[in-house]
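None of the figures in this text is laboratory data; all of them are computed from the coordinates on show. No experiment lies behind these values; they were computed from the predicted model shown. Counting neighbours? That spans all protein chains shown, and the Cβs are built from the backbone with ideal geometry, glycine included.
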Amino acid sequence: MIVCVAVVGHQNNPLYIQSFTEADDALKLHHIVHCSLDVVDERVNNPKKSGLTLNETFLGLLYPTENYKVYGYLTNTKVKFILVTTDLDVRDADVRNLRYGIAKFFRRFHAAYVDAVSNPFHVPGKRITSRTFAERVSNIVKSFGLSSAG
Amino acid sequence: MANYLAQFQTIKNSCDHIVIAVEDVSDLWPNIKSGFEERVPIKRASLNNKTRNPVLVENFPCEFILTTDSRLRSRFPQEQSLFWFREPYATIVLVTCEDLDEFKTILKPRLKLIVQNDEKEWFIVFVSRAHPSNDNAVKMAKKVYAKLEVDFSTKKRERCCKYDIHGPEANFWDDLESKIMECVRNTLDRRVQFYEDEIRKLTEQRFMPVWNFCNFFILKESLAFMFEMAHLYEDALREYDELELCYLETVNMPGKQREFGGVDHGDDWAALLNHENKPLTQIVQDDSFREFEFRQYLFSYQSKLLFKLNRPFEVASRGHSFIIGFSKALTLHENMLPFCMREVWVITACLALINATASRNYDGLVAPDIEKEFYRLKGDLYSLCRVKFMRLAYLIGYGADIEKSPVNSALLSMLPWPKPPVWPSVPPDASPEVLEKEKVILQATPKIKHFGIQRKPLPVEPSVLLREANRRRASLSAGNVFEVFDGRPALIDGSASDASSRIPLSKKMNTISMLRTNSSPGTFDGSVDRPMRLAEIYVAAEHALKHTISDADLWKALSSVEEFEKKYLELTKGAADNYHHSWWKRHGVVLDGEIAAVCFGHGNFDLAAKSYEKVCALYAGEGWQDLLADVLPNLAECQKMLNDQAGYLASCVKLLSLDKGLFSTKERQAFQAEVLRLARSEMKDPVPLDVSSLITFSGNPGPPLELCDGDPGILSVTVWSGFPDDITLDSLSLTLTATFNADEGAKALRSSTATILKPGRNTITLALPPQRPGSYVLGALTGQIGQLRFRSHSFSKGGPADSDDFMSYEKPTKPILKVFKPRPLVDLAAAISSALLINETQWVGVIVRPIDYSLKGAVLYIDTGPGLNIEESHVIEMETCVKISQSSAEMMNCKGTQKDCSLAPIKEFQQLKLHNGRIEFPAWASDTNSVIWIPVRAISDSLPRGSSSVTPQKQSNLDGMRTIALKLEFGVSHNQIFERHLHFTDPFHVSTRVADKCNDGTLLLQVILHSQVKATLTIYDAWLELQDGFIHTGQGTGRPTSSFFPLMISPTSRAGIMFSIRLGKVIDKDTSFIHKACYYVETKHRAFNVIRSKAVQGSCHGTLNDLMSRLKFEFASCLKKFSWITDEVEALETESILNIRYGISGERTNGAHPPVAVDGIETEDARQDLLFKSAIVLQRPVLDPCLAVGFLPLPSTGLSVGQLITMQWRVERLKGPEDNGISEHNGEVLYEVSANSENWMLAGRKRGHVTLSTIQGSRIVISVLCVPLVAGYVRPPQLGLPEVDESNISCNPPGPHLVCVMPPALSSSFCIPP
């Protein structure tokens, strides 16, 4: 289950963060997303070590903890997409699968983001307040839950 | 083969290095042993690794053991092959011999026997005991050695070396070492080959039923162990890795369900680094090993090798993933393991790894990124340990002491509860403990946050423990074990897969019965019906844990809240420190916050504040406001406790400036109240505070305020207040920064009156003193609230402060104020350039053109120069200037907007009064061009003079120039002084010429009038007052015929008037005076007569006095009159006066115009006749000959020297006696002939009087006889009339200038023939 998706700006500032949990605990997800930036930074700063190729936007699994997983995606403009999920037994092969994996999810998320920031009334570098974007993201999250379940 | 396991273990433990056998043939070993053993370990050795690549091993350890030693004897052949790794790797045969025969007969056969075994790698060391001084012996030894070499060494391989006991050769030891290593290498290669073959064989059988993992393990580990002995750790590690892989494959093979292990006492204490924890024999299960122990066993060997390879980083990295992986395995088997076994194991495993790697920091030995990664891993281990530790602590009731921070919530709330098959129940004798816990629970008060902030604490549990625990019990209490297991997957939320479903039912039954926590059936019954209370759950968990935990330290750490906090702090600090050394700064800082929370709880506010500051800086720096809002109140509280007013205020301001949605209005009001409370009352000293995030300001939209140099103004600024309520600022000042000059300090505009800022947008106006030219941007806003000096630097774009302001782009600093360089602000120009009439009151127009500047309240001072006079009594007129072309800029405007242009000029007209030389401008004139008409009269005393056509007089404009000084006061201190030249002129310039001179002496005097003004002049009358010596012809007054008038003269054109005059008598001045004086006296004669007669008649004294005074008066008037007459005579007689009565019709906007009626009774139709007077000088004709002298022609023969000739002049009287100006003496004329006496000789009277009749036309001839004396062109004698002015003499015909005198004619009588 995807519990949280976030867009983080190129200065590591949150642009959009949405949790999908029932409980009133968004703050902990803020924390998880924020701390996962450590890993993104590390990957970006040590591309050799992480085996990250320059033109690969999907960062893969950032955070292998026991209880949740954090995936990252880095756009060319250094905007990061972070996904927190509690699905623990996703295999790496599935993650990178462009048809139904998390990489696919990020592609769609990226498209939604691009549409949102293309709005002439959006100030770049500011929080995304578009409701359309929020709806679209939640649709993506829902449909991802369905496809991954199926 | 598994039977050998125990033996294998003992062998492994007993030998850890390579053995080299020494075959001491000649009993030499004791003598040379020390020398040999000194060489061990061998410094450098070259070996082949598994892939047959040479590897250099340093400090290669080995041991020399005599073949006779017990350790090398009595081994069974099977053992030998199985544990081959412990057999000697080389055999050194020590021999000595001093006799060749002995060698041949005894030694050689014996050696052959020894070395015949192919299995062995051997070489011979020949020990020479010959003393170097004993040559014979030395020679002998050499011979024997040579023989030995021949017999045992082959071409392929040297197998002999010679050792001199009295002093080995220098290269002996190297030789020895290389030979040893050669043997070892060969043996090792052979044995590796052997093991590999064996392993391959086994691997091929892997999927057969006979396959036994233990056998495979022994072979594999033997190989690994051999590598390890040879210091080929890499290869050894690879073997273990392969072993692990193979094991994991077999252990997870379906169908083979094995015991997991981990149920023994002490198993909770992770043994992942302790390979001696349990003998392998204990963990053998069927043909394999128990997973729990064996995986730890493998990992311990891997880590041992990694440490030997000096790769602690890999230990940590593999260890971390091992723990995670192993923890999963534990989860799968959780229902068979003791309560919380998994958590305890992870804690101990992490601590073990941390301790093992703690002393092995790289300290710059490796690449920095590896080092950082190492620290990161250690941080991870600490963190993992910390989480599990917290979980345990929560279970036993320390949950209240766990900070409900985001980090703890993130870690704990998604971590599932332990899943024991049955939740432990309360031991029977634990009721006091339960009471104790309940007391604690009741006493625990929820932490009240500062400022009365109320937030639901973040969860640190995945679900409510009470429910979870009771559910696990309740399901059991149903009594149907099968139902419990079958039904559970449906009950559980499904977040974690449940391993129990995979376990066959029969096993499940066993597991239940095996449960350690299930202490007695009695307790079951006692609490089955009633759900446990929270305190009971805690106590039960505590008791269960006590059973589980075998690590005394860990148990101690959980024994009390204090100990828990100690351990918690230790783990948190460990994690934070390591993260700080790694890339993961955020993790470190966040954990610092956790440390701060503990410090805060203990009242150590100083430390807490420092850590909180770091956390806040991290969140604020990247704009994570939600997280910041969670921590910042804590920091504020610390600062408050520490009495750090500045910090506390800054925190309050920061809290206020956070996103408005993060705090309720009430909370925000509390923040503001705190700020105000401090500012107004508590602080003693002023405290500076940056409120940039809270109070922002910007200039008003639109163009900047534009001011001219030196002008004050009023600046309007928009200020956004982020305070939730109105806030009163005691004072406010705003700095302006000049963009042109950075050095120039910012100028502050102050408003000392209190300003009240409403929440949101406020407009503030500030008085702006005059500024230097340039453009200014807003600098900073400062102000004072009580003792608080606040300061704001941030601009807003015209909206409220951006919530994440740190991110905002560099805002363009829009100038708010532009002060222009000194420039003309107004221009005063004369309205017309053409000349005005002099000596008449004329409208002088001054165009006032404000240049983008308001002339509101302007005052014009007029100062006329000499020769100018303003009619102060007259009104001054002011009107809109309609000449658009005055300003090219306006022209442009007009072109652009025709419509506007036509609408724009609204004609204004106003009459103003001049008071003390100043005119106040009306309001309408402040922005538009206007023209002021001032009535001015230029005064000129001098009479204009006409010029003659004979001597044209250059007209000088300077005469008519006047200067008017205008001072315009406007703005604040702008007064500009203008000097404008005005040109005045007479209406006409007069020139005269004599048009004709008639025979009767009449002169036609043409007077040409040049119009000087741009106005039509009409001449109504003209008359000429002639000077002495001229008179008008006829008896007229000299007026032209009146029918010519009126005569119109167009602007700048000319007209002529002809006067007919003739020369008159020149009246002598004196005569004239006498005439006039006498005439006057005659008129006065009567008055004097009256006085005289009165004096004769009356004798009274009073009357006389009266008469005397009257007489005196009369005399005085006479004298006065005389002086007048003198003047008159002097004046009149020299020049004539032309009088012209004329009218003018012109516009003041064009130039000259009719004079302003000063008295104001001017009527439209009243014709104003003006009089123009001009002096004309008439000169009597200069040439007026009365005598004519004519030179009579000379004889035609020419003149020659010495020839007598007569020169004749004729003198003729041209005029009659009446108008003869020549002084005459009785009709006689004095003549004189002058000649150069060198050239001429004159005969006769050269000077004398001749009689010439005074009748006109009388003539006489004067003859003089003269002889030329020199030849050439000479001047002839001249006749002069000394008494007659030369001008009265006309030479007709004129005499020659030069005459040609020939040389004298030759005389024949004097001729002498040559």
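Along the stretch B:817-831 the Karplus relation, 6.51 cos²θ - 1.76 cosθ + 1.60 evaluated at θ = phi - 60°, assigns HN-Hα couplings of 9, 10, 10, 7, 5, x, 8, x, 9, 8, 10, 10, 9, 6, 6 Hz to successive residues, with x for each Gly and Pro. Sparsely packed loop sites in the stretch B:184-216 (the chymotrypsin sites (Phe, Trp or Tyr not before Pro) outside DSSP H, G, I, E and B with at most 12 other Cβ atoms within 10 Å) comprise B:207.
Let me know the mean shielding of B:400-407 by other chains, meaning the per-residue number of their Cβ atoms within 10 Å of its Cβ.
Numbers: counts 0, 0, 0, 0, 2, 3, 10, 6.
Across the residues of B:400-407, the mean count of other-chain Cβ atoms within 10 Å is 3.
Couplings 3J(HN,Hα) of the stretch B:784-789, computed from phi: 9, 10, x, 8, 9, 9 Hz, in residue order, whole Hz [Karplus 6.51 cos²θ - 1.76 cosθ + 1.60, θ = phi - 60°; x for Gly and Pro].
The stretch A:1-32 and the stretch B:586-639 have their alpha-carbon centroids 20 Å apart. When the listed pairs B:388/B:566; B:660/B:758; B:372/B:654; B:43/B:220; B:437/B:556; B:50/B:201 are checked against a 22 Å cut-off, the alpha-carbon distance exceeds it for B:372/B:654; B:43/B:220. The H on the amide N of residue B:736, modeled in the peptide plane, is under 5 Å from the matching H of B:747, B:748, B:749, B:779, each at least 5 residues off or on a different chain. Relative to one another, the C-alpha centroids of the stretch B:184-226 and the stretch B:310-364 are positioned 30 Å apart. In the stretch A:2-145, a dipole from Cβ-located charges (positive for Lys and Arg, negative for Asp and Glu) runs towards its positive end, and of A:83, A:109, A:16 it is A:109 whose Cα lies farthest in that direction.
R0 = 60 Å: FRET efficiency of residue B:1107 with residue B:1052, Cβ-based, nearest 0.05? It comes to 0.40. Site pair residue B:602 and residue B:641 shows an inter-label distance of 1.2 nm when each label is modelled 7 Å from Cα along Cα→Cβ. Here residue B:258 and residue A:61 are evaluated by their C-beta separation; at R0 = 30 Å the FRET efficiency comes out at 0.45. Taken as Cα centroids, the stretch B:135-180 and the stretch B:649-680 sit 95 Å apart, rounded to the nearest whole angstrom. Of A:88, B:113, B:828, the sequence from fewest to most neighbouring Cβ atoms within 10 angstrom is B:113, A:88, B:828. Coupling constants for the stretch B:1002-1009 follow from the phi torsions by the Karplus curve (6.51 cos²θ - 1.76 cosθ + 1.60, θ = phi - 60°), and in residue order they are 6, 10, 9, 9, 9, 9, 9, 9 Hz; glycine and proline get x.
Annotation note: GluC sites (Glu not before Pro) in the stretch B:258-343 located in DSSP loop regions with a Cβ neighbour count of at most 16 within 10 Å are B:259, B:276. Pairs of Lys residues in the stretch A:2-145 are counted when their Cα atoms are under 24 angstrom apart and they lie 8 or more places apart or on different chains; the count is 21. Distances between placed amide hydrogens fall under 5 Å for residue B:1240 paired with B:1269, all partners being 5 or more residues away or on another chain. By the beta-carbon count within 10 Å of each Cβ, the least crowded to most crowded order of B:124, B:595, fewest first, is B:595, B:124. Each of residue A:24 and residue B:39 was given a label point 7 Å from its Cα along the Cα-to-Cβ line. The distance between the two points is 8.2 nm.
With +1 on the Cβ of every Lys and Arg and -1 on the Cβ of every Asp and Glu, and nothing else charged, how large is the dipole of the stretch A:2-145 about its Cα centre, in debye rounded to the nearest 20? Can you show the working numbers first?
Numbers: 18 positive and 14 negative charges, 112 e Å.
Using Cβ point charges on Lys, Arg, Asp and Glu, the stretch A:2-145 gives about 540 debye.
Can you pull out the GluC sites (Glu not before Pro) in the stretch B:132-236 whose DSSP state is coil and whose Cβ has at most 13 other Cβ atoms within 10 Å?
Details: sites: B:149, B:158, B:169, B:177, B:182, B:196, B:198, B:204, B:221, B:228, B:234; in loops: B:158, B:169.
Of the GluC sites (Glu not before Pro), the ones in loops of the stretch B:132-236 whose Cβ has at most 13 other Cβ atoms within 10 Å are B:169.
When a footprinting reagent is the concern and you count Cβ atoms within 10 Å, what order do B:1108, B:532 take, fewest first?
Numbers: B:1108 12, B:532 21.
Fewest-to-most Cβ neighbours within 10 Å comes out as B:1108, B:532.
Residues whose amide H falls under 5 Å from that of residue B:64, counting only those 5 or more places apart or on a different chain, are B:20, with hydrogens built in the peptide plane. Peptides B:1254-1260, B:1295-1301, ordered by how many other C-beta atoms sit within 10 Å of their residues on average, highest first, read B:1295-1301, B:1254-1260. With 22 Å as the limit on Cα-Cα distance, the pairs of B:856/B:967; B:142/B:179; B:120/B:142 that go past it are B:120/B:142. Suppose R0 equals 51 Å. What FRET efficiency, 1/(1 + (r/R0)^6) with r the Cβ-Cβ distance, do residue B:1157 and residue B:1127 give to the nearest 0.05? Once rounded, the FRET efficiency stands at 0.95. With a 10 Å cut-off around each Cβ of A:6-13, the average count of Cβ atoms from other chains is 3. Within 10 Å of the Cβ of each residue in B:1018-1024, the mean number of Cβ atoms contributed by other protein chains is 0. Taken along the Cα-to-beta-carbon direction at a fixed 7 Å, the label points for residue B:1116 and residue B:172 span 16.7 nm.
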